[in-house]
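Reading through the structure tokens given below for one structure.
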Amino acid sequence: MAKQFGRVHPITTEERASGSWDMFATWIGANANNGTWYIGGVIAAAGMATASTTLIVCGILSYILLALASYIGYKTGLPAMALTRPSFGLRGSFIPSVINVVQFIGWAAANTFIAAISISVILKDILGWPAYGTPGGNRGLIVGIGVMSLLHLASISLGERSVRMIERVGIVLVMLFVIWESVVVFQNVSLHAILAWRPAHRLAMTPGAAIDVLAAFNLAWVTAAADFSRFSKTKRAATTHSFLGANLGLFWFAFIGLTATIATAITSGQFDPNDSDPSTIASKLGLGVLALLVIVITSTTANAVNLMAAGSAVTNMFHKLKLTPALWLVTLVATGVSFLPLLFSTFLSAFTAFLDMIGMFLGPEIAIFLVDYYFIHRRHYEVTQFTAVGGDYWYAGGWNWRAICAWAVGIALYFGLRHVTIIATTVGATFVAMAGTALLYYLLARRPVAK
């Protein structure tokens, strides 16, 4: 019997329980959250017209890639990071796995921190504690992180099934909240005033910078798509409904974050990107404790997806570890990471540094992953080779150095393009670097790799 590397468990047809509504709800819940609101507030610095255009274009382009990745998960029944074995090699797949663990723990921590701000405001109203951002406000924030961590542990307690259950409940609350928020915003500020508003020149964001911010946010989900689509009953649920749900959640919540931030800037006469988080905006709009509680709940639904993706990546690295213990592990680590923004001057500084890291590493990885499946292997992976030492995906000692070299060049290309003014300010570096990486990998991989 040939030596085996790790283990993979393709989800069979009988094991698939997610229908179209489940996939639609999962991806709405993944994007209808504090992080998406915050992203909308950050790109408000580009002005309403530019921010709206980049939001729509980046959303559609990014989630076409998500649908393509979802199809691979549906077709093979395998989790996302296991699916990087044919492109990076059985051992090489550790590289994207580590990146996924880091980035989804980071997203979980960011959402936790934003929700903890809401809890600190609630504690201010109930107990009179200082809110975060005022002297002594860290106490409420620390309690908030603890509360959020307990909610996260509950949300992932049953693995994929509990994630599906919490998304079904969360989507209803999300929809009610954004309708409420939309009504309040347009009661206070007209659409004409929002469209006409411009930030101060020193705070303005270029279209290219807005594209890179949105691309880093959206592309993170592409690397987790198969973790959920492998449970889909139909191809349409895995692809079309994932695409529609992800875009609806993105557009709805990012637009409300965008318009609410601009509306607050108009009514207060001051724009500060550091105050773009939903808790601060909700407080300024006078929405009260109920709105803050909904913000907390939506963070829990989003982080259920983040933690599921991180836990799945851990199981690709440590083959004997089952999914549920992996989920508990990444949740506890995410709790610790949630305190890191306190080391930065502002949360926005920590957030933008995190986005730069995501865009640099993820874009080239996704380009290689998709080119490998659709162009090199022509939409067919041999599942029996996913664990075969010396097999088709073993390459050179378990590493596909052509993919790894292309990935490294893509990272360097991204970094270099960020310093080319005409690219950085117009179309951004992310998608250009992805296109260059895709072409390079295709050229390198046209011939079989020597074993």
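The values are calculated or read from the model by the stated rules, or taken from the named source; none is laboratory data. Given the structure is predicted, the values throughout are model-derived calculations rather than measurements. Neighbour counts run over all protein chains shown; Cβ positions are idealised from the backbone, glycine included.
If you scan the stretch 298-311, which residues turn out to be under 12 Å from Ala115 (Cα atoms) and in contact with a Phe, Trp or Tyr (Cβ under 9 Å, 6 or more places away or on another chain)?
Residues of the stretch 298-311 that are under 12 Å from Ala115 (Cα atoms), as a first pass: 298-303.
The answer is Thr298, Ala302, Asn303.
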Working carefully through the options Ala67, Ala51, Ala25, find the one that is closer than 16 Å to Thr239 by Cβ and surrounded by 23 or more Cβ atoms within 10 Å (Cβ to Cβ).
-> Ala25
Could you check how many residues of the stretch 104-140 are more than 16 Å from Thr331 (Cβ to Cβ), of a type in the set (A, V, I, L, M), crowded, with 23+ Cβ neighbours inside 10 Å and modelled with pLDDT of 80 or more?
-> 3
Please list, ordered by first then second residue, the pairs with beta carbon atoms under 6 Å, 6 or more apart or interchain, first in the stretch 19-34 and free of Cβ contacts under 8 Å to residues at least 60 places away in the same chain, second crowded, with 24+ Cβ neighbours inside 10 Å.
-> none
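Would you pick out the residues in the stretch 419-437 that are more than 18 Å from Val57 (Cβ to Cβ), in contact (Cβ under 8 Å) with a residue 24 or more places away in the chain and surrounded by fewer than 22 Cβ atoms within 10 Å (Cβ to Cβ)?
Once the filter is applied, which keeps residues that are more than 18 Å from Val57 (Cβ to Cβ), in contact (Cβ under 8 Å) with a residue 24 or more places away in the chain and surrounded by fewer than 22 Cβ atoms within 10 Å (Cβ to Cβ), the stretch 419-437 yields only Gly436.
Please tell me if Tyr414 is hydroxyl-bearing (Ser, Thr, Tyr), assigned to a helix (DSSP H, G or I) and modelled with pLDDT of 95 or more. Please lay out each step first, then the result.
Values: hydroxyl-bearing (Ser, Thr, Tyr): yes; assigned to a helix (DSSP H, G or I): yes; modelled with pLDDT of 95 or more: yes.
Judged against the criteria, Tyr414 is a match.
Can you find, within the stretch 216-259, the residue that is modelled with the lowest pLDDT among those that are closer than 30 Å to Phe271 by Cβ, of a type in the set (Phe, Trp, Tyr) and buried (at least 24 other Cβ atoms within 10 Å of the Cβ)?
In this case the residue turns out to be Phe253.
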Selected residue (criterion: nearest to the chain's Cα centre (by Cα)) from residues of the stretch 321-351 that are among the aromatic types (Phe, Trp, Tyr) and assigned to a helix (DSSP H, G or I) = Phe351
Determine whether Ile211 is at pLDDT below 90, touching a Ser or Thr at 6+ places or on another chain (Cβ under 7 Å) and over 18 Å from Trp107 (Cα atoms).
-> no
Across the stretch 388-415, what is the number of residues that are over 23 Å from Gly59 (Cα atoms), surrounded by fewer than 16 Cβ atoms within 10 Å (Cβ to Cβ) and under 24 Å from the mean Cα position of the chain (by Cα)?
-> 2
Tell me, yes or no, whether the stretch 207-215 has at least one residue that is among the acidic types (Asp, Glu), over 17 Å from Leu370 (Cα atoms), surrounded by 24 or more Cβ atoms within 10 Å (Cβ to Cβ) and within 20 Å of the chain's Cα centre (by Cα).
-> yes
Subset of the stretch 217-249, residues among the aliphatic types (A, V, I, L, M) and touching a strand residue (DSSP E or B) at 6+ places or on another chain (Cβ under 8 Å), comes to Ala237, Ala238
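For (1) more than 24 Å from Ile72 (Cβ to Cβ); (2) part of a strand (DSSP E or B); (3) among the acidic types (Asp, Glu); (4) touching a Lys or Arg at 6+ places or on another chain (Cβ under 8 Å), each residue gets a yes or a no:
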residue: Leu362; (1), (2), (3), (4): no, no, no, no
residue: Ile368; (1), (2), (3), (4): no, no, no, no
residue: Arg379; (1), (2), (3), (4): no, no, no, yes
residue: Val409; (1), (2), (3), (4): no, no, no, no
residue: His419; (1), (2), (3), (4): yes, no, no, no
residue: Ala433; (1), (2), (3), (4): no, no, no, no
